[in-house]
Amino acid sequence: MAELAEPRQKQILQLVNAEGQAVASELARRFGVSDMTIRRDLGTLEDMGLVIRVHGGAIAGERSRFTNRLSTNARAKAKAVAKLADFLPETGCVYFDGSTTVLNLVKALKGRTRLQVATNNVETFNRLAAVKGPTPILLGGSLDTRTDNLIGPLALRSVEALAFEKAFFSAWGLDAGVGLNEVTMEDAQVKEQVARRARHVYVALDHSKLGVVTAGTWIHGRDKSILATDLEPDDRRLEPFRNVFSVII
């Protein structure tokens with residue numbers, strides 16, 4: 001059966017690229033092979049940089065790139081993060097992660113000349129630099145071409161040199177059991193380190209992220225964290241997450 005692996009992997013890649021993602025158990029049924037075989041196939045495709053493995057399957061390799069994320073659920077992202085605009089301070093140092101959700105907050109910073117804003121994403125940094133007001137800070141690190149964020153030991157050391165009054169994040173997914181998570185463990189490491197250095201944490205998610213689980217989980221600090229979504233605060237879909245955050249808005 002080994003000779004069938006390459007054409008099957010090509011078909012799997014076509015399916016992932018067409019749908020944006022694929023579930024391992026469904027692929028196993030489709031091709032009549034074991035879950036272990038599919039995991040090996042996905043591992044091979046990931047090693048080639050063609051897909052990104054996540055919990056239970058894989059997503060297209062380009063899906064997590066910054067420019068590709070810009071147009072995904074754009075209206076819902078903007079609605080969720082708009083709820084956090086009133087929490088932006090006039091002074092001090094805050095953190096914006098490399099998400100296209102938090103990117104929507106940049107325009108609200110105009111005129112805040114006593115505010116410093118750090119980020120680990122070059123595009124976010126450039127947008128910050130174009131706004132008349134805050135001082136942008138770009139963390140060091142290695143460029144992760146899966147997400148276009150800066151990661152690694154230098155990024156973590158850069159975070160240690162800063163203290164944040166507030167940190168603003170999004171995430172790839174939120175699960176009631178494992179919490180916030182990212183497609184890469186390295187990105188999750190940076191976010192967790194920032195959250196530890198922040199007095200207050202704000203997370204904006206559109207409802208499509210609820211219940212999603214990927215490889216890299218991170219701890220945000222429940223008692224100092226607020227979750228904003230595009231749903232009404234009393235929406236029943238948010239019930240599983242009320243113990244994960246101090247407040248949901």
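Worth pointing out:
- Residue list for segment 150-172, filter: modelled with pLDDT of 95 or more and under 26 Å from LEU45 (Cα atoms): LEU150, ILE151, GLY152, ALA171
Every residue, every condition in (1) farther than 21 Å from ALA108 by Cβ; (2) of a type in the set (A, V, I, L, M), yes or no:
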| residue | (1), (2) |
| --- | --- |
| THR147 | yes, no |
| ILE151 | yes, yes |
| LEU154 | yes, yes |
| SER170 | no, no |
| GLU186 | yes, no |
| ALA198 | no, yes |
| THR217 | yes, no |
| ILE226 | no, yes |
| ARG236 | yes, no |
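- Taking segment 25-64 as the range and being among the aliphatic types (A, V, I, L, M) and assigned to a strand (DSSP E or B) as the test, the residues that pass are VAL51, ILE52, VAL54, ALA58, ILE59, ALA60.
- Applying a threshold of 7 Å to beta carbon distances and a minimum spacing of six or more residues, or different chains, the list of pairs starting in segment 219-237 at a residue that is surrounded by fewer than 16 Cβ atoms within 10 Å (Cβ to Cβ) and at pLDDT 95 or above and ending at one that is in a helix (DSSP H, G or I) and of a type outside the set (A, V, I, L, M) reads ILE219/GLU192; ARG237/HIS207.
- For MET36: the one exception among (1) modelled with pLDDT of 85 or more; (2) in contact with a Lys or Arg (Cβ under 9 Å, 6 or more places away or on another chain): (2)
- Qualifying residue in segment 138-159 (condition: more than 27 Å from HIS55 (Cβ to Cβ), in a strand (DSSP E or B) and without any contact (Cβ under 8 Å) to a residue 60 or more places away in the chain): yes
- Residue tally, condition surrounded by 16 or more Cβ atoms within 10 Å (Cβ to Cβ) and within 18 Å of the chain's Cα centre (by Cα), over segment 116-137: 7
- Residues located in segment 1-54, provided they are polar (S, T, N, Q) and under 24 Å from ASP148 (Cα atoms): GLN14, ASN17, GLN21, THR44
- Any hit, segment 98-114, residues being closer than 17 Å to GLU192 by Cβ and surrounded by fewer than 19 Cβ atoms within 10 Å (Cβ to Cβ): no
Per-residue answers, yes or no, for (1) farther than 24 Å from GLY216 by Cα; (2) among the hydroxyl-bearing types (Ser, Thr, Tyr); (3) exposed (fewer than 11 other Cβ atoms within 10 Å of the Cβ):
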residue: VAL16; (1), (2), (3): no, no, no
residue: GLY20; (1), (2), (3): no, no, no
residue: ALA24; (1), (2), (3): no, no, no
residue: ARG29; (1), (2), (3): yes, no, no
residue: GLY32; (1), (2), (3): yes, no, yes
residue: ASP41; (1), (2), (3): no, no, no
residue: THR44; (1), (2), (3): no, yes, no
residue: ASP47; (1), (2), (3): no, no, yes
residue: ILE52; (1), (2), (3): no, no, no
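- Among all positions in segment 185-204, there is no residue which is surrounded by 17 or more Cβ atoms within 10 Å (Cβ to Cβ), in contact with an Asp or Glu (Cβ under 7 Å, 6 or more places away or on another chain) and assigned to a loop (DSSP other than H, G, I, E, B).
The values are calculated or read from the model by the stated rules, or taken from the named source; none is laboratory data. Predicted model only: the values in this text are computed from it and were never measured. Neighbour counts are summed over all protein chains in view; Cβ atoms, including those assigned to glycine, are modelled from backbone coordinates with ideal geometry.
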